[in-house]
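Following: one structure in structure tokens, then a few remarks.
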Amino acid sequence: MTTAAVVYRSATGTTRQLAEEIGAHLRAKGVDATVRSVGDADPAALATADLVLLGCWTSGLFVIAQHPDEPWLAFVRDLPPLPNARVGLFTTYKLVTGSMFPRMRAALGGRTPHVDLELKVRGAHLTDAGRAALDRFAGVATETA
Amino acid sequence: MPTSMNQVDEFLALKRIAVVGVSRNPKELSYTLWQELRQRRYDAIPVNPSTTEIDGVPCYPSVADIVPAVDGALIVTTAGVAEQVLEQCAAAAIRKVWLYGGLGGGATSDVTIRTADRLGLEAVSGLCPYMFLPGTPAFHVMHAWGKKLTGSYPKAG
């Protein structure tokens, strides 16, 4: 069974809610997904996951200088190399994500050869497009209406 | 005596902290503050006599019940309840406490400050921990600026 580790950093609960939706969606598709905060997750344990999804709320000054905040960066600094996992990033935002994903990718450095998903959600809930992107990322089938 | 920056730094350098008065409601400040500390890798232990767990984490009725003991206690109750919590902290040999202060006063009052002093506790009072956490959200940065403008931000020493 495919395994997924969803790890989030949430300041107000919005990103946590999204992370839980992502985990629930993956489980519904037959993926063994765990959802933990950056405070609870063991960075070393991510080395064995097939899918790694790392999420953080978008911090910034209205429409400039968007960045992941310190608790997320601290967690990523402790991550081992993830050469075999498919790695995805997600964020919640209110206005724009701007430099959020570039900064998240930069923080990952050489731990992963590439990032396979960048998912941004305004608010806390997955959209249909977001679910479809997750399905492609996880290599599972998407239901069509 | 006003809280100094050293007292703030010393409290935030603790690893295992009781958070007294954590609500089960994720919209309450006490809950988000507890989660914030957990996400910053503090061993933050919830204390609330009304429940035995919050989000699957064991919750204790009193600081005296926590084993192993905590290094300090962040008190996010009303000032009335905080008086009793301070007595419990002293009895449990918890010397460092933080009397949350924010909108509406929180756990800080003249009485709780005097009680902490009488019990020989090292108390941070009238302040919100969010203001001092690295990379804290903008709202809390603005709160700190407001404190600096009014001269109520802790000074070095």
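FRET efficiency for the pair A:L95 and A:R136, taken as 1/(1 + (r/R0)^6) with r the Cβ-Cβ distance and R0 = 30 Å, rounds to 0.65.
Shielding value for B:28-36 is 2, the average number of Cβ atoms from other chains within 10 Å of each residue's Cβ. When chain B is described by a simple charge dipole with +1 on each Lys and Arg Cβ and -1 on each Asp and Glu Cβ, the residue from B:L33, B:W145, B:A13 located farthest towards its positive end is B:W145.
The simple spin-label model puts a point 7 Å past each Cα toward its Cβ; for A:R105 and B:V67 those points are separated by 5.3 nm.
Over 27 Å apart at the Cα level, from the set B:K27/B:K147; B:K27/B:K155; B:K96/B:K155; B:K96/B:K147, are B:K27/B:K155.
Chain A: percent of C-alpha pairs farther apart than 27 Å? That fraction is 13 percent.
Within the set of other residues whose C-beta is less than 14 Å from the C-beta of A:A106, count the net charge using Lys and Arg as +1 and Asp and Glu as -1. Taking every Cβ under 14 Å from that of A:A106, the sum is +3. With neighbours defined as other Cβ atoms within 10 Å of a residue's Cβ, the residues B:V70, B:V8 order from fewest to most as B:V8, B:V70. Spherically averaged projected area of the convex hull of Cα atoms, the range A:59-145: 6.4 nm².
List the lysines whose Cα lies under 30 Å from the Cα of A:K29, skipping any in the same chain that are fewer than 8 positions away. Partners within reach: A:K94, A:K120. Legend: translational diffusion of the range B:1-40 by Stokes-Einstein, Rh = Kirkwood radius over C-alpha pairs, 20 °C, 1.002 mPa s; D = 186 µm²/s. Note on A:A129 and B:S50: with the Förster distance fixed at 41 Å, the Cβ-Cβ geometry gives a FRET efficiency of about 0.45.
The length gained on full extension between B:D9 and B:M142, counted as 0.36 nm times the residue separation minus their Cα-Cα distance, comes to 45.9 nm.
FRET efficiency for the A:R27 to A:V115 pair, using the beta carbon distance and R₀ = 25 Å, is estimated at 0.65. Measuring between their Cα centroids, the range B:101-133 and the range B:70-99 lie 10 Å from each other.
For the protein assembly as shown, the dipole from Cβ point charges (+1 on Lys and Arg, -1 on Asp and Glu) about the Cα centre works out to 680 debye, to the nearest 20. Only Lys, Arg, Asp and Glu carry charge here, each on its Cβ (+1 for the first two, -1 for the last two); on that basis chain B has a dipole of about 380 debye about its Cα centre.
D by Stokes-Einstein for the range B:33-157, Kirkwood Rh over Cα pairs, 20 °C, 1.002 mPa s: 140 µm²/s.
Rounded if a/c is under 1.5, else prolate if a/b beats b/c, else oblate: with a ≥ b ≥ c from the C-alpha gyration tensor eigenvalues square-rooted, which is the protein assembly as shown? Note, shape of the protein assembly as shown comes out prolate.
Throughout, read-outs are computed from the coordinates displayed, never taken from laboratory work. Fair warning: this is a prediction, and the values are worked out from it, not measured in the lab. In this analysis, Cβ positions are derived from the backbone assuming ideal geometry, glycine residues included, and neighbour counts consider all displayed protein chains.
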